[in-house]
1. Using a 1.4 angstrom probe and counting only protein chains, how large is the accessible area of B:Trp183 in Å², to 10?
2. Using the crude model of +1 on Lys and Arg Cβ and -1 on Asp and Glu Cβ, and no other charge, please compute the dipole size for the range C:6-225 relative to its Cα centre, in debye to 20.
3. Residues of C:154-162, mean number of Cβ from any other protein chain within 10 Å of their own Cβ, rounded to a whole number?
4. If exposed means no more than 15 neighbouring beta carbons inside 10 Å and the site is in a DSSP loop, what's the longest run of chain C without any exposed trypsin sites (Lys or Arg not before Pro)?
5. Check the straight Cα-Cα distances from A:Lys154 and name the lysines below 21 Å, setting aside those fewer than 8 residues away within the same chain.
6. For the range B:1-154, which whole-number percentage of the solvent-accessible area (1.4 Å probe, protein heavy atoms only) is attributable to carbon and sulfur atoms?
7. In square angstrom and rounded to 100, what buried accessible area do you get between chains A and B, total over both, with the probe at 1.4 Å?
8. Could you give the semi-axes, largest first, of the ellipsoid that matches the protein assembly as shown, computed as the square roots of 5 times the alpha carbon gyration tensor eigenvalues and rounded to whole Å?
Amino acid sequence: MDNSRHDRNNRVMTSAPHPAPLLEARALRFLRQDEPVFGPLDFALRAGEVALVEGDNGSGKTTLMRVLTGMLRPGEGEVRLDGAAFSLDTMAGAVVFLGHHLGLKLDLSARENLRVSVGLYGQRQGTSANAALAEVGLAGFEDEPVRRLSAGQKKRAALARLLLLPARVWLLDEPYANLDREGIALVNRLLEGHAGRGGAALVTSHGAVSFAGGEPRRIRLHA
Amino acid sequence: MANWVPLWLHRLGSPPVFYRFAGAVRPWALGLALVLAGVALYGGLFVAPADYQQGDAYRIIFVHVPSAWMSLFIYGAMAVAAFVGLVWRIKIAEVVAMESAPVGAAFTFITLVTGSLWGKPMWGTWWTWDARLTSELVLLFIYLGVIGLYHSFEDRRQGARAASFLVLVGAVNVPIVHFSVNWWNTLHQGSTVRLLGPSHIEASMLWPLLTMMAATKLYYIASLFARVRADLIASESGKGWVRELLAHRDGSGA
Amino acid sequence: MTPGSTSAACAALLRRDLTLAWRRRGDIAMPVLYALIVATLFPFALGPEPTLLARIAGGVVFVTVLLAVLLSLDNLFRADIEDGSMEQLMLAPQPLALLVGMKILAHWITSSLPLIVVAPLLAGMLKLPAPATPVLVFALVLATPLLSLLGAVLVALTAGSRRSGMLLALMLLPLCVPVVIFAAGAVAAAQEGLPWIAPIAWLGAGLAMAVVLAPLACAAALRIAMDT
């Protein structure tokens, strides 16, 4: 239901003539052991935009994602969400993150896993776990322990979470991994639906990805 | 928090600045520590009179008491550095906290060994579950836990941050341990032997003791600075200032 | 409860952890079995003389329970970190300390509660006088959550490090010294017919402090651990 979080910080709700970008990076750099991992990086992601982060292995894609979620502190620069400085304490929940580890409990079913996520993050209006699972192609597997699903099905179970949660910004780290052609089309369909609802998404991929609905923005990281 | 604190710390907190500062201070601290320790040992072993009760055995206090004091003092210094490092994310403070731990553990160990050596002639036993000895043993475990945690991380800075956090947890814990051990002691034993009774101490015994305390403090500074310099060279080996330093050294050596 | 509210989040997490524990209920029995085995070894090592056993019974039960809790603690956060659930918890719009508190509560229910249930049995095996047994249980009810809370902070600190159970034991020892002293002290006092309420009160005070501070410390430690 809820957008209670967003109501509280009424930044999301205000509609200015030129709304601030949903997600913005300003001169963002990250250093590990004082060695630069990426950056300085500038980009802005507006409502309805999907951007693809490209780069080879080791170019810092995953690190960038973790910085954008707020789990890692950037070395320099800042991340802004809806025009306000982002920190884990103030704006958590406005972003949903899907990483290499899917965050699924293997002993729980897909439906039970979704119930936990909804409990933690809230649920977007007009969605239901059954519909979300059906949309990602897991109809008939709702109550199967995730342990018994294939790698691709696990990924789909994690993707169903995106449909249920109210977050407007999606950060997807390698969402295409482990998916067949049909699965890739599913991710693209989910992204287009999300953009159509006024959300924004940042997606990493080290391979070439073709979008049916127009070219996504590209952000290039150098190794 | 006032702005000047981080500002001042930031200036000294720059690794090359601290490296040079520590390098300048260290030989003086070490030299002075050795001189003072020599003077104190001479005063303690030859000048001070024998105790009317304990004979010559008491002379171990010139090592034992300053070590015991340092074991707590270093923990305090480490806790302050750990706090500064965690709050302001200053690398030097983290390094100072982490490199203090082995020195503090060494002093704690010396305290325990000399205490037990002293206990044999005084109490007739190497070890007794005296409140202070037990607290000191627990303190040694805390030091070892901090050192172990620091070294169990792949990433040095992450290890330093986790171990700094443990230092602060331990700082809360030490007084609680001391209190509980005291309580436990009164429950299980009558009164324990007092190490330093209320009897006032002779001046000729006092000055070597105080001199030794100054010497141990200076030794701590010297030892800490040497360790911090080594740590900085290792962790900043890719940095320009270390390269310059090495180039300069090679150049002057050739 | 609205989904996404803090109470719903706590309930969801508690329910998740309890469900997970129930699906692997064989694991719940392990600490209990461990405690039984350790307690059984003492009479073999010291001889079956009832007066001697009665004297050490309280202490043995506490140390045994402490070791069993320590063994079970290692997995408190590890599974969540390895499968990515911890990231989901950290990014949730809820206070992390509260969520961590729920995890500790679930852990206490699944690992310490069974130990408290079998504690009178262990005490009986070791010939603890019957009047002291209620005090033992009372002390365990206060001491085990305290141990779980303190242990959780340390587990959170080691979460980002290489696997090391010994390190956890080394770090936990100084923290649990006061807990063991007061808990075992209460039983010893009860056995000697002395008033035992003072050590129990200290345990209660410690628990009250730990309930407030430990989840906060735990959350801070986890942030450090996940900062890689």
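1. Counting only protein heavy atoms, B:Trp183 exposes about 50 Å² to solvent.
2. 200
3. Working: counts 6, 0, 2, 9, 6, 1, 8, 12, 4.
Counting Cβ atoms of other protein chains within 10 Å of each residue's Cβ and averaging gives 5.
4. It runs C:25-161.
5. Of all the lysines, those that pass the test against A:Lys154 - Cα under 21 Å, at least 8 places apart if same chain - are A:Lys105.
6. Values: 5260 of 7270 Å².
Accessible surface attributable to carbon and sulfur in the range B:1-154 totals 72 percent.
7. On the way: alone 11180 and 13990 Å², together 24730 Å².
What A and B bury together is about 400 Å².
8. Values: eigenvalues 545, 277, 69 Å².
They are 52, 37, 19 Å, listed from largest to smallest.
The values are calculated or read from the model by the stated rules, or taken from the named source; none is laboratory data. For clarity, every value in this text was computed on a predicted model and none was experimentally measured. Note that each Cβ is placed from the backbone with ideal geometry, even for glycine, and that neighbours are counted across all protein chains shown. The protein model used for the area step is the full one, side chains on, heavy atoms only, and it has no ligands, DNA or RNA in it. Shrake-Rupley method; radii C 1.70, N 1.55, O 1.52, S 1.80 Å.
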